[in-house]
Each structure stands twice: as structure tokens, then as C-alpha cells.
Amino acid sequence: MSRQSALFRAAFTLVRPLLIQSPEMGALPTLRAATDPAVLGGQYYGPGGLAESRGHPKAVTSSARSHDTSDQRRLWAISEELTGVVFPV
């Protein structure tokens, strides 16, 4: 391993906890959206911390692209194709 690679790895190890959360914390927004009786259909939950990259779950704004019906239909079709599960329209 080069010295530059070793320095990069060491630096990333130091900043990683500031940028990335644990898998357990990453699962919390999905769990909240699926189990919290106060959640409304169409709400999006994600990390509530800085830049929505880590932290406890809260309702956040989804991207504009997530509201694109053409992309939604395409994703649904690809999901059906990959899983072999087809839902009637």
C-alpha cells in the first residue's frame, strides 16, 4: 500500500463517524415509516441531522425526481421484472 493510500485510509477512518451512520441507525427511518401510526401516506423519513446524512429519523422532503410519475412507473416495471412479482394495475 502506498503512503498516500495509507494516509487517505487513516483520514477517512477519522472523519467517517461524522459522515456515515451505522447500519442500525440507517434502518431507523424505514422502521419509523413502517410502524409509527402518526405517519401519513406519501411522507418520506430520513436522518434528521446535518444534511440529512445521519441522525434520528424525521419527516424530510423527498427529491423532486421522486415525484416524477414516469420514473415511478419505470422503477415499478423494473422491480416487477427483477422479482418476477406482478401486481395488477
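For residue 66, state whether it is over 13 Å from the mean Cα position of the chain (by Cα) and in a helix (DSSP H, G or I). Please lay out each step first, then the result.
Values: over 13 Å from the mean Cα position of the chain (by Cα): no; in a helix (DSSP H, G or I): yes.
Answer is no for this residue.
What number goes with the only condition from (1) out of contact with any Leu (no Cβ under 7 Å at 6 or more places or on another chain); (2) open to solvent by 50 Å² or more (accessible area, probe 1.4 Å); (3) at pLDDT 90 or above that residue 47 does not pass?
Going through (1) out of contact with any Leu (no Cβ under 7 Å at 6 or more places or on another chain); (2) open to solvent by 50 Å² or more (accessible area, probe 1.4 Å); (3) at pLDDT 90 or above one by one, residue 47 breaks only (2).
Report, ordered by the first and then the second residue, all pairs with beta carbons closer than 9 Å, sequence separation of six or more or different chains, a first member in the stretch 5-27 that is under 20 Å from residue 51 (Cβ atoms), and a second member that is among the hydroxyl-bearing types (Ser, Thr, Tyr).
Between residues of the stretch 5-27 that are under 20 Å from residue 51 (Cβ atoms) and residues that are among the hydroxyl-bearing types (Ser, Thr, Tyr), the close pairs are 19/53; 20/53; 21/53.
The values are calculated or read from the model by the stated rules, or taken from the named source; none is laboratory data. This one's a predicted model, so the numbers in the text were calculated from it and none came from an experiment. Heads up, the Cβs are rebuilt from the backbone with ideal geometry, glycines too, and the neighbour counts pull from every protein chain shown. The accessibility values were calculated without ligands, DNA or RNA, using every heavy atom of the protein model including side chains. Shrake-Rupley method; radii C 1.70, N 1.55, O 1.52, S 1.80 Å.
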